[in-house]
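Worksheet for the structure shown next.
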Amino acid sequence: MAEAIPAEAIPQELRYQRVLLKLSGESLMGGRPYGVDPDVTRAIASQIAEAQALGLAIAVVVGGGNIFRGLAAAARGMDRATGDYMGMLATVMNGLALQDALEQVECPTRVMSAIAMNEICEPYIRRRAIRHLEKGRVVIFAAGTGNPFFTTDTAGALRAVEIGADAIMKATKVDGIYSADPKKDATAHYLPRVTYIDALNQRLQVMDTTAISLCMENALPIVVFDLTRPGNIRRIVLGEPVGSIVSSGGG
C-alpha cells in the first residue's frame with residue numbers, strides 16, 4: 001500500500017487537478033519478453049496511488065503492445081481491422097491487471113471499456129467516468145476508442161479531452177523529449193519544452209500525429225516523463241520540473 005501522506009503535508013493547490021496517464025503495454029512487461037510482470041505492475045500502481053492520495057483525479061489509458069499489436073499483425077498479412085480489435089482486447093487484459101494491482105494497494109479503481117463486455121468491466125460512458133473521478137476512484141479506459149485504425153495514444157488524447165483533464169502524462173523509459181533517439185544518436189539533445197507544431201514537424205515521436213493534433217486543438221499539455229524513476233508522477237503533480245512539456249508555448 002502507498003504510504004499515507006499527512007494531511008498537513010498535502011498542498012492546497014496541485015499543479016494539475018485531473019490528469020490522464022498514458023502507459024504503454026510494454027511498461028507492464030518489466031524484463032519479460034511479453035505479458036505482464038506483477039512486480040512491475042504493482043510498482044506502477046504504487047506510484048499512481050501515491051499521487052492519487054494527494055487529491056489528484058487520475059485516469060489511465062494503457063496500450064496492449066506487450067500482448068498483441070494490430071499494426072504488426074497487419075504487416076504480416078492479417079486484416080488490419082481484425083488485428084486492431086485483437087489489440088483492443090489486449091488493452092482490456094492490461095487494464096484488469098492494473099486494476100488488480102491498484103486495489104491491492106487499496107486504491108479504488110474502475111475499468112471502463114469502449115467495447116461492451118459487461119461481465120468484466122463497465123461500458124465507457126463519459127458522465128459516469130467523470131463521476132468516478134469525482135468520487136476519488138482511478139478510472140482505467142480500455143479497448144482504445146472502440147474503433148480500428150486508431151492508436152491508444154489517440155484514445156488517450158480523446159479521453160483526456162472528454163473528461164476535462166488538465167494534462168496528459170505520457171510515461172516512457174527516458175527522462176523527457178530528445179531531438180533524436182539518445183540510444184542511437186550521440187548528438188541528441190534534451191528538449192525541456194516543445195511546441196505542438198515542432199513535435200509534429202520534427203517527428204519527435206512524443207505521440208502519434210492524430211493524438212498531438214487533438215491535444216493542440218484543445219490546448220492540452222503533454223508531459224513526457226520517466227516512469228521507471230519511483231515518485232515521478234507525484235513530483236510532476238507537485239510542480240517539480242520533471243520531464244518535458246509539449247504545449248502551445250514551447251520554450
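The values are calculated or read from the model by the stated rules, or taken from the named source; none is laboratory data. Since this is a predicted model, take the numbers as computed values, not measurements. All Cβ positions, even for glycine, are placed from backbone atoms using ideal geometry, and neighbour counts span all protein chains on display. These accessible areas exclude ligands, DNA and RNA; they are computed on the full protein's heavy atoms, side chains included. Shrake-Rupley method; radii C 1.70, N 1.55, O 1.52, S 1.80 Å.
Selection within region 164-182: residues that are under 14 Å from the mean Cα position of the chain (by Cα) and surrounded by fewer than 22 Cβ atoms within 10 Å (Cβ to Cβ). The member of this set that is modelled with the highest pLDDT is Asp166. Within region 183-208, residues that are at negative phi have Cβ atoms under 7 Å from residues that are surrounded by 16 or more Cβ atoms within 10 Å (Cβ to Cβ) and charged (D, E, K, R) in these pairs: Val206/Lys170; Met207/Asp153; Met207/Lys170; Asp208/Asp153, counting only partners at least 6 apart in sequence or on another chain. Checking each residue in region 214-231 for being open to solvent by less than 40 Å² (accessible area, probe 1.4 Å) and either within 20 Å of Glu13 (Cβ to Cβ) or β-branched (Val, Ile, Thr) (or both) picks out Leu220, Pro221, Ile222, Val223, Val224, Gly231. Take the residues in region 121-146 that are without any contact (Cβ under 8 Å) to a residue 40 or more places away in the chain and in a loop (DSSP other than H, G, I, E, B), then tell me which one is most open to solvent (accessible area, probe 1.4 Å). Among residues in region 121-146 that are without any contact (Cβ under 8 Å) to a residue 40 or more places away in the chain and in a loop (DSSP other than H, G, I, E, B), the one most open to solvent (accessible area, probe 1.4 Å) is Lys135. Taking the criterion of being open to solvent by 50 Å² or more (accessible area, probe 1.4 Å) and more than 16 Å from Ser27 (Cα to Cα), the residues of region 74-99 that qualify are Ala75, Arg76, Gly77, Met78, Asp79, Arg80, Thr82, Tyr85, Met86, Leu89.
Residue-level check: of (1) in contact (Cβ under 8 Å) with a residue 40 or more places away in the chain; (2) closer than 21 Å to Ser113 by Cα; (3) not small (Gly, Ala, Ser), Leu220 misses just (2). Scanning region 191-217 for residues that are at pLDDT below 95, within 29 Å of Val40 (Cα to Cα) and over 20 Å from the mean Cα position of the chain (by Cα) turns up nothing.
All of Gly164, Gly95, Gly136, Gly146 fail the test of being in contact with a strand residue (DSSP E or B) (Cβ under 9 Å, 6 or more places away or on another chain) and under 22 Å from Met216 (Cβ atoms), apart from Gly164. Against the test of being among the aliphatic types (A, V, I, L, M) and either on the phi > 0 side of the Ramachandran plot or assigned to a loop (DSSP other than H, G, I, E, B) (or both), the options Ile58, Ile44, Ile67, Ile48 yield a single qualifying residue, Ile67.
The set of residues in region 106-120 that are buried (at least 17 other Cβ atoms within 10 Å of the Cβ) and touching a helix residue (DSSP H, G or I) at 6+ places or on another chain (Cβ under 7 Å) comprises Cys107, Thr109, Arg110, Val111, Met112, Ser113, Ile115. Condition first: in contact with a Phe, Trp or Tyr (Cβ under 8 Å, 6 or more places away or on another chain) and open to solvent by 80 Å² or more (accessible area, probe 1.4 Å). Can you find one or more residues in region 183-195 that meet it? So far as region 183-195 goes, yes, one or more of its residues are in contact with a Phe, Trp or Tyr (Cβ under 8 Å, 6 or more places away or on another chain) and open to solvent by 80 Å² or more (accessible area, probe 1.4 Å).
Counting only residues that are crowded, with 19+ Cβ neighbours inside 10 Å and of a type in the set (D, E, K, R), which one in region 149-163 is nearest to the chain's Cα centre (by Cα)? This residue is Asp153. The condition of being at pLDDT 95 or above, part of a helix (DSSP H, G or I) and either within 20 Å of Gly144 (Cα to Cα) or polar (S, T, N, Q) (or both) holds for Asp100.
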